[in-house]
Amino acid sequence: MENRANLKTEGDINLSDERRRWQEAHLGPEALEILEEDSRYFLHQSMSTPCLNVIVDAEGIYLEDIDGRKIMDFHGNSVHQVGYKNRFVLDAVQEQMEKLPFLPRRFTSHSAVRLARKLAELAPGDLNKVLFTPGGTSAIGLALKLARRATGRFKTVSTWDSFHGAGLDAISVGGEGVFRGGMGPLLAGSEHMMPYNGYRSLFGESDDGSYSLNYLEYMLEREEDIGAVILEPIRSTDVQIPPPSYFLRLRELCDRFGALLILDEIPTAFGRTGTMFVHEHYGIVPDIVAIGKGFGGGLFPMAGIIAREGLDIASDISLGHYTHEKSSVGCAAALAAIAFIEDNDLLAHAVRMEEFLRQRLSGMMEKHEAIGDVRVIGMLAAIELVTDRRTKERAIEQTERVMYRCMTRGLSFKVSGGNIITLVPPLITTQEQLDEALTTIEEAIRSIFGT
């Protein structure tokens, strides 16, 4: 087994001894048999196959496994904003399937046009041109190609530790070793800078992001062929939240040097942070926004980009040309998900739950030395577990044990960077359910750390 103290990944580890022990203790014979068959037929990959458990049902905020265990899902791959089996979304999709289950290329439909118009209405400024695609990785590809065409430049700047998808172009601009490792030459022109919080990671001192932006300015001054800067406005896996000043300066740098600003909001748009789009928190308008995950209402794979009006300059080439580009069913699902968020005032609910989460997590941090930091925006939160609050030494093994203890108690969440509990509850989650989940986490921390 590799040295887990040095292991840092975008998610929890699927080949650890802790996982094997949990499965042996908590899964029934049928679940183990299906997992063995799954392992037999699927290619193995980090954080995926071999799998954790067998799920047979999902509704609202809950998953149900094959042994009848109900699991509160605060992970959901950031897809389940409006909950599982949302009746409003299901009805819209069923109606569309009966009328127009697939839209061939060269044609459009009512649902596609309505969705494009709705996004243009929601997005600020002149972000009113769209392209759709079935997955977030391909949305990033669209953004990269459009930036090259619009600027005539082929280089990009992104950040280390970022995640933008699993395709070869996406891992080139991404900065996660678990995706890039051993891949050999990647997409030419993919430059990287320190992430917003990189100074803290290196030196243990707070920074407003000036260190990384100073380096970005240095790069832009010396390399005239940088066409775009691409980053996650809020790092969803470990919930890194830059201040508004960071984005104001970033926008100014891109404008000054003629680089497009691409924001990857695939896991965070559509209410996760209390606004429909994350960049609304920062008072800027990016040139391109990538969307996905919750965009499809937890039912259909939908992603895409929203671009500024002036970037409609590539009519002579095929930027996407995906078979399911204007999926009639996917567009119906996305329209229904957005309508459900608006009609049920889920943006305001996320803002209220942000305050609850902040107060509750701050109280937990005061009581438990093992909690080194908490970060919250909307219904997205991180709990950083450490063995020493002063040195911020990561509690890798303990965090994994906390995760499995919570899983036994019926709560699922992501572990990021080895020691960060990342909470991504559906936007329909009530305050009582949030409180129940945090009580489960606190009891697990007390049990594992003895505090």
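Does Pro244 satisfy the criteria of being of a type outside the set (Ser, Thr, Tyr), within 30 Å of Leu90 (Cα to Cα) and either in contact with a helix residue (DSSP H, G or I) (Cβ under 7 Å, 6 or more places away or on another chain) or crowded, with 23+ Cβ neighbours inside 10 Å (or both)?
Taking the combined requirement at face value, the residue does not satisfy it.
What number of residues within region 155-188 are acidic (Asp, Glu) and buried (at least 22 other Cβ atoms within 10 Å of the Cβ)?
Total satisfying the criteria: 1.
Return the pairs, sorted by first residue and then second, in which the second residue is modelled with pLDDT under 95 and part of a loop (DSSP other than H, G, I, E, B), the first residue lies in region 414-426 and is β-branched (Val, Ile, Thr), the beta carbons are less than 8 Å apart, and the residues are 6+ apart or on different chains.
Val415/Gly11; Val415/Asp12; Ile420/Thr237; Ile420/Asp238; Thr422/Ser236; Thr422/Thr237; Thr422/Asp238; Val424/Ser236
Against the definition (of a type in the set (D, E, K, R), free of Cβ contacts under 8 Å to residues at least 60 places away in the same chain and at negative phi), how does Asp264 come out, yes or no?
When the stated conditions are applied, Asp264 does not pass them.
Check Asp57, Asp67, Asp91 and return the single one that is acidic (Asp, Glu) and assigned to a loop (DSSP other than H, G, I, E, B).
Just a single option satisfies the conditions, and that option is Asp67.
For the subset of region 281-298 comprising residues that are in contact (Cβ under 8 Å) with a residue 40 or more places away in the chain and over 25 Å from Lys145 (Cα atoms), which member is surrounded by the most Cβ atoms within 10 Å (Cβ to Cβ)?
My answer is Gly297.
Scan Gly152, Gly136, Gly125 and give me the residue that is under 16 Å from Leu263 (Cβ atoms), at pLDDT 95 or above, in contact with a strand residue (DSSP E or B) (Cβ under 8 Å, 6 or more places away or on another chain) and surrounded by fewer than 16 Cβ atoms within 10 Å (Cβ to Cβ).
Gly125
Which residue out of Arg87, Arg106, Arg117 is among the charged types (D, E, K, R), surrounded by fewer than 19 Cβ atoms within 10 Å (Cβ to Cβ) and at pLDDT below 95?
The unique qualifying residue is Arg106.
Could you give me the residue pairs with C-beta distances under 6 Å whose first residue belongs to region 217-243 and is farther than 30 Å from Gly378 by Cα and modelled with pLDDT of 95 or more, whose second residue is among the aromatic types (Phe, Trp, Tyr) and not in a loop (DSSP other than H, G, I, E, B) wherever it lies, and which are 6+ apart or on separate chains?
Matching pairs, first to second residue: Leu220/Phe257.
How about region 279-326: which of its residues are assigned to a helix (DSSP H, G or I), in contact with a strand residue (DSSP E or B) (Cβ under 9 Å, 6 or more places away or on another chain) and charged (D, E, K, R)?
Those that are assigned to a helix (DSSP H, G or I), in contact with a strand residue (DSSP E or B) (Cβ under 9 Å, 6 or more places away or on another chain) and charged (D, E, K, R): Lys293, Glu309.
What pairs can you find where one residue is in region 337-366 and among the polar types (S, T, N, Q), the other is surrounded by 15 or more Cβ atoms within 10 Å (Cβ to Cβ), and their Cβ atoms are less than 8 Å apart, with a gap of 6+ or different chains?
Asn344/Ile428; Ser362/Val374
The values are calculated or read from the model by the stated rules, or taken from the named source; none is laboratory data. Computed from a predicted model, the values in this text were never measured in an experiment. Every residue, glycine as well, gets a Cβ built from its backbone with ideal geometry; the counts of neighbours run over all protein chains shown.
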